[in-house]
Amino acid sequence: MVLVGLMGSGKSTIGFRLAQSLDWAFCDTDREIERLTGADIPWIFEKEGEQGFRLREQQVLQRALTEPGQVISTGGGVVEWAENRTLLSQSDAQVIYLFAPSSVLYKRVGQDPNRPLLASGDARGTLQRLFERRDPSYREVADLVIETHTGSPKGVVSRILEFLGTA
């Protein structure tokens, strides 16, 4: 199972709880990139640019999709590359888009210094532009779209489990 969505949509929080509920492994692709490189995401963006980070992200996603029995929480920009969308669409994994409006996402992550794409000084505008650009791609690859701005993470996990038929 793969969770996609913009930064702040709840992929890591919900993914971890979902993995616990299913008794599956949990893979956060951003944390895996940091583990493999020994560097944090802002440093990778600074030294390698977004292109370098996206290449690392694709490699981690490709490997994670080969391992069954895990919940994969992707970085928000994973859908930026057509190759990643193809990987997601052609995999056997269920892809779930965790949706929240950009105004909610701004409240959650707008001031987070560990979000390199928001460092431009216009976090609200950047989130809105990212939302407008990425939302169609998230929907393209998703088997299910779940709103995360209403209710609790526990409620979102319950809805996903219902969708999977394991609730």
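Some observations on this one:
- Residue that is part of a helix (DSSP H, G or I), in contact with a strand residue (DSSP E or B) (Cβ under 8 Å, 6 or more places away or on another chain) and either in contact (Cβ under 8 Å) with a residue 24 or more places away in the chain or within 12 Å of I96 (Cβ to Cβ) (or both), where the choices are F163, F131: F163
- Any hit, the stretch 132-148, residues being modelled with pLDDT under 90 and either crowded, with 18+ Cβ neighbours inside 10 Å or not basic (K, R) (or both): no
- The set of residues in the stretch 67-76 that are surrounded by fewer than 20 Cβ atoms within 10 Å (Cβ to Cβ) and modelled with pLDDT under 95 comprises E67, P68, G69.
- Some residue of the stretch 91-100 being more than 12 Å from S137 (Cβ to Cβ), more than 14 Å from the chain's Cα centre (by Cα), hydroxyl-bearing (S, T, Y) and not in a loop (DSSP other than H, G, I, E, B): no
- Qualifying residue in the stretch 103-121 (condition: aliphatic (A, V, I, L, M), at pLDDT 90 or above and either within 15 Å of the chain's Cα centre (by Cα) or closer than 16 Å to M1 by Cβ (or both)): no
- Any hit, the stretch 38-53, residues being surrounded by 21 or more Cβ atoms within 10 Å (Cβ to Cβ), of a type in the set (K, R) and not in a loop (DSSP other than H, G, I, E, B): no
- Within the stretch 5-27, the set of residues being outside any helix (DSSP H, G or I) and more than 22 Å from D135 (Cβ to Cβ) comprises D23, W24, A25, F26, C27.
- Residue check, G77 within 24 Å of E147 (Cβ to Cβ) and small (G, A, S): yes
- T13 satisfies every condition listed in (1) in contact with a Ser or Thr (Cβ under 8 Å, 6 or more places away or on another chain); (2) modelled with pLDDT under 95 except (1).
The values are calculated or read from the model by the stated rules, or taken from the named source; none is laboratory data. Predicted model, so just to flag it, every value in this text is computed and none were measured. Glycine gets a Cβ as well: all are built from the backbone with ideal geometry, and neighbour counts include every protein chain shown.
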